[in-house]
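Notes to accompany the following structure.
Read-outs throughout are calculated quantities, based only on the coordinates presented, and are distinct from any laboratory measurement. Computed from a predicted structure; not experimentally measured. Quick reminder, even Gly has a Cβ in these numbers, built from the backbone with ideal geometry, and neighbours come from all protein chains shown.
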There are 2 protein chains.
Amino acid sequence: MLDDATMQAWLRVALDEARTGLAEGGIPIGAALIGPDGHVLGHGHNRRVQEGDPTLHAETVAFRNAGRRRSYDGTTMVTTLSPCWYCSGLVRQFGISRVVIGEATTFTGGHDWLAENGVEIVMLDDAECVELMEQFIAANPTLWMEDIGDDGEQP
Amino acid sequence: MLDDATMQAWLRVALDEARTGLAEGGIPIGAALIGPDGHVLGHGHNRRVQEGDPTLHAETVAFRNAGRRRSYDGTTMVTTLSPCWYCSGLVRQFGISRVVIGEATTFTGGHDWLAENGVEIVMLDDAECVELMEQFIAANPTLWMEDIGDDGEQP
């Protein structure tokens, strides 16, 4: 099942979400939760700006939109960007089996930690994902920093 | 500021939320985000059952209810129960400075990992919090397992 065409189709769902978020004036990150049979269980995009809600990262929105489930065994989270610690923690806690990542060039979250803890990580290094975030961050650096909890102070 | 009476007062906000959740038929975990000046920024309780939304852990609801913020430096998350990986990831990503925990007897999440990464952890070992969760888990084992992503299968 995990051929390149399948992963590109999943990434396309996430990328379409990211572009929808951008068109809404939001942060352009999209994600989808894929079931063990390859079908999309839920998809969504970052909605911090749109709803004034800092918990609405793309991955958590996709997870929410998949509804309540008894097991995440065999599921895949596909996301346009390396998942932050918050979203990585979601993946680990709920036992999501695999994360397919558009890019980790503009931001690196917890995907190495997930790999160390038994989650399969697939890094696509997708140029379209990189370009989308590079342009967004260049134009909205403060908003981007807010979304990842970077207050600009030295820790 | 961090005297015992202050921490007990914060825990009381979280415990009141947990009891509200229980009365609604939900999972009895409550939390609050406290500002650097000691005032409550947001509070909430687990709403998985009430809203059919698996992302609504007590800590994420409290964080959401505090609204958008540019910095979490100096804030405290007080929670009735040790934060799961999802909620621990939230604390780490957004730079919440301290976590005050009612108990880690019935469930142990990522608080040691947070401590290793510079978050101040205060463990209260509160008997009321333990009793609340023990009774809930005994009466609702499957619901509780669902909330922490335990599908009952061996990993």
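Distances between equivalent label points of A:G38 across the copies, with each point positioned 7 Å along Cα→Cβ, amount to 6.1 nm, shortest listed first. Placing +1 on the Cβ of every Lys and Arg and -1 on the Cβ of every Asp and Glu, with no other charges, gives chain A a dipole of roughly 740 debye about its Cα centre. Axis-proximal residue of chain B for the rotation onto chain A, reported as residue and distance in whole Å: B:G89, 1, based on Cβ position. Taking every DSSP beta bridge that has both ends in chain B, the antiparallel portion is near 55%. In terms of surrounding Cβ atoms within a 10 Å radius of their Cβ, A:S82, B:S88, B:S97 rank from fewest to most as B:S97, A:S82, B:S88.
How many angstrom separate the Cα center of region A:1-32 from the Cα center of region A:51-98? Each part's Cα centre sits 14 Å from the other's. For region A:68-125, applying the loop criterion from DSSP together with a ceiling of 16 other beta carbons within 10 Å to the trypsin sites (Lys or Arg not before Pro) yields A:R68, A:R70. Is the shape of region A:1-129 rounded, prolate or oblate, going by the alpha carbon gyration tensor and its root eigenvalues a ≥ b ≥ c, with a/c under 1.5 for rounded and a/b larger than b/c for prolate? Because its axes are fairly even, with a/c under 1.5, region A:1-129 counts as rounded. The calculated Kirkwood hydrodynamic radius for the protein assembly as shown is 19.4 Å, given to one decimal from all distinct C-alpha pairs. According to the square roots a ≥ b ≥ c of the eigenvalues of the Cα gyration tensor, what is the shape class of region B:79-155, taking rounded for a/c under 1.5, prolate for a/b larger than b/c otherwise, and oblate for the remainder? Oblate, because a/c is 1.5 or more while a/b does not exceed b/c. Rounded if a/c is under 1.5, else prolate if a/b beats b/c, else oblate: with a ≥ b ≥ c from the C-alpha gyration tensor eigenvalues square-rooted, which is region B:1-57? Prolate, because a/c is 1.5 or more and a/b exceeds b/c.
For chain A, the relative contact order comes to 17 percent (Cα pairs under 8 Å, sequence separation of at least 6).
Counting from the shortest, the label point at B:N117, 7 Å from Cα toward Cβ, is 0.9 nm from the same position in each remaining copy. The label-point distance for B:N117 and A:M123, in a model that sets each label 7 Å from Cα toward Cβ, rounds to 1.8 nm.
Stretching the chain fully between B:Q8 and B:I148 yields a gain of 47.8 nm (0.36 nm per residue, less the alpha carbon separation).
Panel order for A:V61, B:V130, by other beta carbons found within 10 Å of each beta carbon, from fewest to most: B:V130, A:V61.
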